[in-house]
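> Shown below is the structure under consideration.
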Amino acid sequence: MVGASPNIRDVARRAGVSTATVSRTLAQPDKVREDTRQKVMEAVEALGFVPNDRARVLRRQTSKTVILLVRDISNPFYLDIYKGVEEAAFAAGYKVLMGDARDDDERISHYIDAVRERHADGVILMIGRLPARFLEDPARLPPVVVASEAIQEMDLPTVKVDNVAAAQGAVEYLIAGGHHRIIHLAGPVDDYLGTARLEGYRAALEAAGIAYDPGLVLSGDFSLVAGRDLVEGLLVRGAEFSAIFAASDQMAIGAITALRQHGLQVPKDVSVIGFDDTLIASMVDPALTTVHQPRRDIGFAAMQMMIARLNGTTTPPDQIFPTELVVRGSTRARPVDTPSP
């Protein structure tokens, strides 16, 4: 009939798949190959097909749900971010779902496609990259806000801190305390956070006239295990250093574990600085000197930015929050008569 609404057979015919595949794609997209899912969803969009169980939501054009997609859901760093997002969401009548990216393109695509398929209204990204298909065709992206990270290849609305300046300030504090051989436990150096904090580390050395030694920079995944294993390797090799600047609190605490296992005391033998000021930073012994970033405020601002976007309101492209170096018991100045390694 002319003017009749498209049905599932029309979608299957256009996508070149069976009606069962269309049904499975709509009901369980994670169970369908990405290329098949893409063909089906392109047919859905082209035809304007609306499954019956989603028709009411699509008529309203909103689900009142936002996805918060994080790198690693087990990292306590994200707890206060979530609290801030949830507070702003609750006040505006939205719900928040948290997704675990695990540095996996398929998982990232799954959550972004869930928004494109109207299961949620937008996604707040706390990851440092996107799968190639979104970079190559930004029109595929649903409403997006980036929190605490940056997608360097794309100009997306972002809420973050100045990671370069924060890292530089932390390393300058160590240098002012007489430390010249400073290990940097970096994050992944091929994404934003790892690159920015390494840049700050290098800037502090350069400003102090200290030669950059790539042998003192070790890259990990921000985890406790990475921090422990990287420092373990340094100690086994007999590397000389008096301080460590870690790109996360977890890496810093892992480093302290390795130092203790080798009979070294913090801060008597080695000073350690972390980044993030998570709850655990103030609870370890000695309490960790670290860069504080206002995580709850970042989460709250990111959700407010998302709501503004969903309402069609223009927002600033970036919002940058201040950081603070919180000095605790894991650092001290080197005695003036101590030979610098």
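The values are calculated or read from the model by the stated rules, or taken from the named source; none is laboratory data. The shown structure was predicted, so the numbers you read here are calculated from the model rather than taken from an experiment. Every residue, glycine among them, receives a Cβ derived from its backbone with ideal geometry; neighbour counts consider all protein chains shown. Areas reflect the complete protein model, heavy atoms only, side chains present, ligands, DNA and RNA absent. Shrake-Rupley method; radii C 1.70, N 1.55, O 1.52, S 1.80 Å.
> Tell me which helices (runs of 4 or more DSSP H) are completely within the stretch 111-225 and hold 1 or more residues being farther than 24 Å from Val326 by Cβ and either in contact with a His (Cβ under 8 Å, 6 or more places away or on another chain) or open to solvent by 50 Å² or more (accessible area, probe 1.4 Å) (or both), or say none if there are none. Give the derivation first.
On the way: elements: 132-136, 163-176, 192-207.
In the stretch 111-225, 132-136, 192-207 are the helices (runs of 4 or more DSSP H) which contain 1 or more residues that are farther than 24 Å from Val326 by Cβ and either in contact with a His (Cβ under 8 Å, 6 or more places away or on another chain) or open to solvent by 50 Å² or more (accessible area, probe 1.4 Å) (or both).
> Still on this structure, I have one more. Are any residues in the stretch 125-145 touching a Ser or Thr at 6+ places or on another chain (Cβ under 8 Å), within 18 Å of Ala89 (Cα to Cα) and free of Cβ contacts under 8 Å to residues at least 60 places away in the same chain, and if so, which ones?
Correct list: Met126 only.
> Sticking with this one: Counting only residues that are within 24 Å of Met98 (Cβ to Cβ) and open to solvent by 60 Å² or more (accessible area, probe 1.4 Å), give me the strands (runs of 3 or more DSSP E) lying completely in the stretch 230-341 with at least 2 of them.
Numbers: elements: 243-246, 271-276, 289-292, 318-321, 324-326.
The strands (runs of 3 or more DSSP E) meeting that bar are 318-321.
> Would you say Ile244 is touching a residue at least 40 places away in the same chain (Cβ under 8 Å) and among the β-branched types (Val, Ile, Thr)?
Values: touching a residue at least 40 places away in the same chain (Cβ under 8 Å): yes; among the β-branched types (Val, Ile, Thr): yes.
So Ile244 passes the test.
> Contact list please: Cβ distance under 9 Å, first residue in the stretch 4-26 and acidic (Asp, Glu), second residue surrounded by 15 or more Cβ atoms within 10 Å (Cβ to Cβ), pairs at least six apart or on different chains.
Asp10/Ala43; Asp10/Leu47; Asp10/Phe49
> Of these, Gly177, Gly122, which one is closer than 30 Å to Gly93 by Cα and of a type outside the set (A, V, I, L, M, F, W, C)? Walk me through how you get there before you give the answer.
Numbers: Gly177 fails: closer than 30 Å to Gly93 by Cα.
The unique qualifying residue is Gly122.
> Would you confirm whether or not the stretch 97-119 contains a residue that is without any contact (Cβ under 8 Å) to a residue 24 or more places away in the chain and of a type in the set (A, V, I, L, M, F, W, C)? Before you say what the answer is, go through the steps one by one.
Our first condition is that a residue be without any contact (Cβ under 8 Å) to a residue 24 or more places away in the chain; within the stretch 97-119, this holds for 104, 107.
Restricting the remaining residues to those that are of a type in the set (A, V, I, L, M, F, W, C) gives none.
Within the stretch 97-119, none of the residues are without any contact (Cβ under 8 Å) to a residue 24 or more places away in the chain and of a type in the set (A, V, I, L, M, F, W, C).
> Let me ask another. Specify which of the listed residues (Arg116, Arg181, Arg197) is out of contact with any strand residue (DSSP E or B) (no Cβ under 8 Å at 6 or more places or on another chain) and not polar (S, T, N, Q).
Working: Arg181 fails: out of contact with any strand residue (DSSP E or B) (no Cβ under 8 Å at 6 or more places or on another chain); Arg197 fails: out of contact with any strand residue (DSSP E or B) (no Cβ under 8 Å at 6 or more places or on another chain).
Only one candidate qualifies: Arg116.
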